[in-house]
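Visitor: This is the structure, below, for whatever I ask next.
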Amino acid sequence: MADGIYLGLDLSTQQLKGIVVDSRLQQVELAKVEFEVDLPEYKTIKGVYTNSATKEVLAPVSMWLEALDLLFARLKKTVDFSKLVGVSGACQQHGSVYWNKQAPEALKDLGASGPTQSLKDQLGNCFAWEMSPNWQDHSTESECKDFEKCVGGPKQLAGITGSKAHHRFTGPQILKVKHQMPKVYEATDRIALVSSFLASVLGGEYVDIDVSDACGMNLWDVEKREVSAQLMALFGDVDGIKQRLGSINEEGDVVVSRVSKYFVDKYGVNEKCGIVAFTGDNPGTILSLPLKPNDVIVSLGTSTTALVVTHNYVPSPLYHMFAHPVSKGAYMGMLCYCNGSLAREKVRDEVNGDQEPSKSWDRFNQIAEDAMNAGTVLGNKRQLGFFFPLAEIIPSVDACQIRLTWDSDLKEVSRSDKWADSPEADVLGILESQALSVRHRLTPMLSTADGHPRRVYFVGGASQNEVICRALGRVLMPSEGAFRVQDMNNACAFGAAAKAVYGSFAKEQEGSTWEEFLEERSSDEKFVGVKSGDEDGRDLYKEAVAVFVASEKACFKESV
Ligand code: ADP
Ligand code: XUL
């Protein structure tokens with residue numbers, strides 16, 4: 001309905017957020033529930049319980065039920081839910097929820113005992129395990145080995161499921177439950193991802209796992225589009241795990257359920273309100289911008305994440321490939337680096353010394369800008385490095401700091417602890433080296449003639465910094481420009497809201513493709529062009545990629 005409203009939910013580690021938009025995607029309301037602040041009785045720290053001895057990180061599922069009630073109560077103060085046409089969601093990836101055999105009945109009966117009963121009252125005892133393993137959990141080392149061994153190694157597992165085995169991925173997590181908590185596994189009727197869990201609560205029935213989110217499990221065979229029989233065999237009883245997982249929903253843009261009577265009676269939600277398939281938070285983020293194939297979002301948060309929409313399925317143990325959450329036949333490639341902003345902050349602090357007020361980026365920016373204005377490429381002496389104050393994911397190595405210098409005829413690379421012109425040289429050094437790694441990993445996923453992205457969109461904390469974006473953009477060389485995106489704090493909730501509009505209204509009523517729908521509703525105002533035209537480095541950066549890769553191999557051997 002053109003005059004209806006739509007809700008996008010983001011159930012992340014620390015909070016549950018809800019954005020209400022109209023059919024043109026204009027924000028009507030925004031509300032959130034912060035777990036630590038609003039639900040202190042759970043005593044979580046930043047939304048989770050961490051056991052450093054076992055490396056387990058868990059979240060209590062009932063807390064999410066309470067958060068959902070609280071969010072609806074907050075929104076109801078200003079939102080007329082009788083106009084709600086559709087809801088969708090984008091939730092933290094990889095987490096699993098273990099419904100027990102009472103769940104189907106209790107979900108169906110939601111609201112039957114009157115509005116005084118809360119979701120927690122009615123569903124609190126429907127879990128075989130009251131916890132959900134969080135994506136920060138690292139307790140599945142042995143199960144990860146089982147997964148990789150089962151198919152012949154990390155490369156083979158990445159080929160099948162889009163990723164090598166990761167501690168946080170749901171398949172190894174479920175296998176750990178089966179190994180370490182057999183009674184829980186036995187008592188489990190259905191295993192949900194966080195996204196399908198939340199959709200099920202809203203719909204009052206089990207909702208299938210979404211295909212894009214399923215790619216975060218190490219179980220979904222991306223190309224064959226089925227749960228891998230070979231990997232399910234790890235669970236012994238193949239039928240048992242198959243049944244617990246249910247079907248995987250490959251239609252991301254359709255109504256998969258109707259809102260449960262509970263939300264109708266308690267919050268006045270329109271009884272026809274559709275639940276449009278929920279997905280993961282990273283897939284949700286790519287739905288927030290009108291991306292075309294070969295467009296890249298580079299998120300410069302605490303860590304650096306690069307997301308790309310592509311039609312090439314080119315899996316690698318170094319990154320992730322997911323099915324696109326809406327467009328059939330398309331994929332989302334994802335690079336996740338641990339060392340992003342924190343590593344840049346370290347260089348910033350070193351160049352500031354005692355002279356600048358701490359945390360000011362002025363000197364860092366001035367050094368980078370002067371170098372770029374002078375046409376400097378790869379430092380004054382062809383320098384690059386690995387700036388990893390934290391253990392890194394890409395490549396998978398321990399914390400280290402390595403500086404490299406090409407010799408003048410560009411044939412050899414020498415390694416040193418410090419450059420003669422450190423720490424100033426580290427400024428361009430870290431920016432160019434970080435960008436070269438992203439560029440190298442993106443290229444195989446792109447289908448452009450020159451291997452460069454079409455557009456690059458910078459989001460996240462450091463995207464406020466024009467100079468940093470310019471330095472990164474200069475290496476990535478998008479053919480149609482780099483942009484800093486304003487107002488992207490709620491990207492995945494907004495992506496979910498957009499999917500709610502598309503799936504419950506616009507797809508049928510307007511007959512548009514997802515891309516047309518989003519393009520038609522987006523305004524260029526929120527994209528600020530990043531200064532480009534720095535063609536200085538075109539040839540040298542191309543050569544630098546090869547040197548960077550060779551250096552990585554030399555420094556880290558099989559981790560690359
Ligand atoms: P999160 O990963 O927690 O979502 P944000 O996207 O908010 O984080 O990004 C936080 C990071 O952004 C900080 O670590 C900080 O270094 C970086 N940042 C914020 N403003 C700037 C700036 N002006 N220049 C460079 N980096 C910045
Ligand atoms: C992605 C990942 C995180 C979570 C955060 O693989 O683990 O980005 O999705 O919620």
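Visitor: Say we look at the range 453-462 and pick out the residues that are open to solvent by 10 Å² or more (accessible area, probe 1.4 Å) and away from ligand 2 (no atom under 16 Å from the Cβ); which of these is nearest to D370 (Cα to Cα)?
Guide: So the residue we want is A462.
Visitor: Something else now. Between a residue in the range 505-521 that is small (G, A, S) and any residue that is in a helix (DSSP H, G or I) and surrounded by 15 or more Cβ atoms within 10 Å (Cβ to Cβ), which pairs come within a Cβ distance under 8 Å, given they are 6 or more apart or on different chains?
Guide: A506/F517; S512/A506
Visitor: Out of the residues in the range 350-376 that are out of contact with any helix residue (DSSP H, G or I) (no Cβ under 9 Å at 6 or more places or on another chain) and open to solvent by 70 Å² or more (accessible area, probe 1.4 Å), state the one that is farthest from ligand 1 (Cβ to nearest atom).
Guide: Only one residue tops the list, namely A374.
Visitor: Could you check the range 258-374 for strands (runs of 3 or more DSSP E) lying wholly inside it with 1 or more residues that are within 16 Å of ligand 2 (Cβ to nearest atom)?
Guide: 296-300, 304-310, 320-323, 331-337
Visitor: Looking only at residues that are more than 28 Å from the chain's Cα centre (by Cα) and open to solvent by 30 Å² or more (accessible area, probe 1.4 Å) in the range 121-148, which one is nearest to F235 (Cα to Cα)?
Guide: Among residues in the range 121-148 that are more than 28 Å from the chain's Cα centre (by Cα) and open to solvent by 30 Å² or more (accessible area, probe 1.4 Å), the one nearest to F235 (Cα to Cα) is N125.
Visitor: Which residues, counting only those in the range 282-292, are closer than 15 Å to P325 by Cβ and either away from ligand 1 (no atom under 13 Å from the Cβ) or surrounded by fewer than 24 Cβ atoms within 10 Å (Cβ to Cβ) (or both)?
Guide: Across the range 282-292, the qualifying residues are P283, G284, I286, L287, S288, L289, P290, L291.
Visitor: Go through (1) buried (at least 24 other Cβ atoms within 10 Å of the Cβ); (2) within 16 Å of ligand 2 (Cβ to nearest atom) for D426 and report which single condition fails.
Guide: Here D426 clears every test but (2).
Visitor: Filter the range 485-502 down to the residues that are free of Cβ contacts under 8 Å to residues at least 60 places away in the same chain and more than 11 Å from ligand 1 (Cβ to nearest atom), then identify the one that is least open to solvent (accessible area, probe 1.4 Å).
Guide: Q486
Visitor: Please pick out the residue among L472, L476 that is open to solvent by less than 30 Å² (accessible area, probe 1.4 Å), closer than 30 Å to V545 by Cβ and either at pLDDT below 95 or in contact with a Lys or Arg (Cβ under 8 Å, 6 or more places away or on another chain) (or both). Before the answer, list the steps.
Guide: Values: L472 fails: either at pLDDT below 95 or in contact with a Lys or Arg (Cβ under 8 Å, 6 or more places away or on another chain) (or both).
Among L472, L476, only L476 is open to solvent by less than 30 Å² (accessible area, probe 1.4 Å), closer than 30 Å to V545 by Cβ and either at pLDDT below 95 or in contact with a Lys or Arg (Cβ under 8 Å, 6 or more places away or on another chain) (or both).
Visitor: It is to be established whether one or more residues within the range 15-26 are within 16 Å of ligand 1 (Cβ to nearest atom) and of a type in the set (S, T, Y).
Guide: Looking for residues that are within 16 Å of ligand 1 (Cβ to nearest atom) and of a type in the set (S, T, Y), one finds none in the range 15-26, hence no.
So that you can scan it fast, the table gives a plain yes or no per residue for (1) touching a Phe, Trp or Tyr at 6+ places or on another chain (Cβ under 8 Å); (2) of a type in the set (V, I, T):
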{"position": "H452", "(1), (2)": "no, no"}
{"position": "V456", "(1), (2)": "yes, yes"}
{"position": "N465", "(1), (2)": "yes, no"}
{"position": "A491", "(1), (2)": "no, no"}
{"position": "S504", "(1), (2)": "yes, no"}
{"position": "K526", "(1), (2)": "no, no"}
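Visitor: Would you point out which residue out of V326, V308 is of a type outside the set (K, R), crowded, with 24+ Cβ neighbours inside 10 Å, at pLDDT 95 or above and touching an Asp or Glu at 6+ places or on another chain (Cβ under 6 Å)? I'd like the intermediate steps shown before the answer.
Guide: Values: V308 fails: touching an Asp or Glu at 6+ places or on another chain (Cβ under 6 Å).
Of the residues listed, the single one that is of a type outside the set (K, R), crowded, with 24+ Cβ neighbours inside 10 Å, at pLDDT 95 or above and touching an Asp or Glu at 6+ places or on another chain (Cβ under 6 Å) is V326.
Visitor: Please note which helices (runs of 4 or more DSSP H) are completely contained in the range 147-253 and include at least 3 residues that are farther than 25 Å from E56 by Cα and at pLDDT 95 or above.
Guide: Filter on the range 147-253 gives 154-161, 194-203, 238-245.
Visitor: For the condition at pLDDT 95 or above, buried (at least 22 other Cβ atoms within 10 Å of the Cβ), within 16 Å of ligand 1 (Cβ to nearest atom) and of a type outside the set (V, I, T), what is the one hit in F72, F35?
Guide: Only one candidate qualifies: F35.
Visitor: On to the next question. Kindly provide the set of residues from the range 75-96 that are assigned to a strand (DSSP E or B) and open to solvent by less than 10 Å² (accessible area, probe 1.4 Å), ordered by number.
Guide: Residues satisfying the conditions are L84, G86, V87, S88, G89, A90, C91, S96.
Visitor: A further question on this structure: Looking only at the range 100-120, which residues are surrounded by 17 or more Cβ atoms within 10 Å (Cβ to Cβ), aliphatic (A, V, I, L, M), in contact (Cβ under 8 Å) with a residue 40 or more places away in the chain and farther than 11 Å from K266 by Cβ?
Guide: Scanning the range 100-120 gives A103, L107.
Visitor: If you check every pair at least six apart or on different chains, which have Cβ atoms under 6 Å apart with a residue in the range 452-477 that is in contact (Cβ under 8 Å) with a residue 24 or more places away in the chain and at positive phi first and a residue that is of a type in the set (S, T, N, Q) and within 16 Å of ligand 1 (Cβ to nearest atom) second?
Guide: Cβ pairs passing all conditions: G460/S299.
Visitor: From the list K77, K55, K120, which residue is on the phi > 0 side of the Ramachandran plot and away from ligand 1 (no atom under 16 Å from the Cβ)?
Guide: K55
Visitor: Could you tell me which of the residues V97, V87 is β-branched (V, I, T) and closer than 20 Å to A497 by Cα?
Guide: V87
Visitor: Quick test for you: out of W99, W64, pick the one residue that is touching an Asp or Glu at 6+ places or on another chain (Cβ under 6 Å), under 21 Å from F197 (Cβ atoms) and among the hydrophobic types (A, V, I, L, M, F, W, C). Show your work before the answer.
Guide: Values: W64 fails: touching an Asp or Glu at 6+ places or on another chain (Cβ under 6 Å).
Selected residue: W99, the only one of W99, W64 that is touching an Asp or Glu at 6+ places or on another chain (Cβ under 6 Å), under 21 Å from F197 (Cβ atoms) and among the hydrophobic types (A, V, I, L, M, F, W, C).
The values are calculated or read from the model by the stated rules, or taken from the named source; none is laboratory data. Just so you know, these numbers come straight off a predicted model, no measurement behind them. Because the Cβ atoms are built from the backbone with ideal geometry, glycine has one as well, and the counts that use them run over all protein chains shown. Only protein heavy atoms, including side chains, enter the accessible area calculation; ligands, DNA and RNA are left aside. Shrake-Rupley method; radii C 1.70, N 1.55, O 1.52, S 1.80 Å.
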